[in-house]
Amino acid sequence: MDHALTAIIVEDDSFWMNNVTSILESEGVEVIQARSGTEVIAALNHPQETILVVDIVLPDEDGLEILTMVRSAHPNAKVLVMSGGGRLGADFYLRIARRFGANETISKPFSSDQFLLHWNRLLSLKN
């Protein structure tokens, strides 16, 4: 049976949105680009396995709010959080994201290989 894999990417920076989309599509992953927590929750309600890739610092909602919504609605969802910093620095935000339930975190900038290392760790997690 063919098992489709989908990634939902929440990122406000077009460079990083396009970069992550390109990396995942080259791996055969279907990508959904979401702009809000509501779009994320709706996309998580389809039957394929879905992994969330979310930036922490966003203009309207922050990634921690989205992560909290996802954990509440879909506690077993696999989540990779990325951050380029913000006022408090990437390491701080990524530590907080772990406490909020992120399975993996990555600091921007990153290479395709670095991203795929974290992505493959997510794929290896049992639900």
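The values are calculated or read from the model by the stated rules, or taken from the named source; none is laboratory data. Note that the coordinates shown come from a computational prediction; the quantities given were computed from them, not determined experimentally. Here Cβ is always computed from backbone atoms with ideal geometry, including for glycine, and neighbour counts include all displayed protein chains.
Each residue in region 68-93 was checked for being buried (at least 18 other Cβ atoms within 10 Å of the Cβ) and within 23 Å of residue 41 (Cβ to Cβ), and 9 pass. Scanning region 39-59 for residues that are at pLDDT 90 or above and over 20 Å from residue 125 (Cα atoms) turns up at least one hit. Could you tell me whether residue 87 is over 21 Å from residue 114 (Cβ atoms) and at pLDDT 85 or above? Judged against the criteria, residue 87 is not a match.
For region 31-57, a residue qualifies if it is touching a strand residue (DSSP E or B) at 6+ places or on another chain (Cβ under 7 Å) and under 18 Å from residue 97 (Cα atoms), and the qualifying residues are 40, 51, 52, 53, 54, 55, 56, 57. Within region 1-18, restricting attention to residues that are part of a helix (DSSP H, G or I) and surrounded by fewer than 18 Cβ atoms within 10 Å (Cβ to Cβ), the residue that is modelled with the lowest pLDDT is 14. Restricting region 48-60 to residues that are within 12 Å of residue 34 (Cα to Cα) and in contact with a Gly (Cβ under 7 Å, 6 or more places away or on another chain), the residue that is surrounded by the most Cβ atoms within 10 Å (Cβ to Cβ) is 54. Taken over region 78-124, residues that are within 16 Å of residue 50 (Cα to Cα) and touching a strand residue (DSSP E or B) at 6+ places or on another chain (Cβ under 6 Å) amount to 10. Entry remark, region 91-117: residues being of a type outside the set (A, V, I, L, M) and closer than 17 Å to residue 70 by Cβ number 8 in total.
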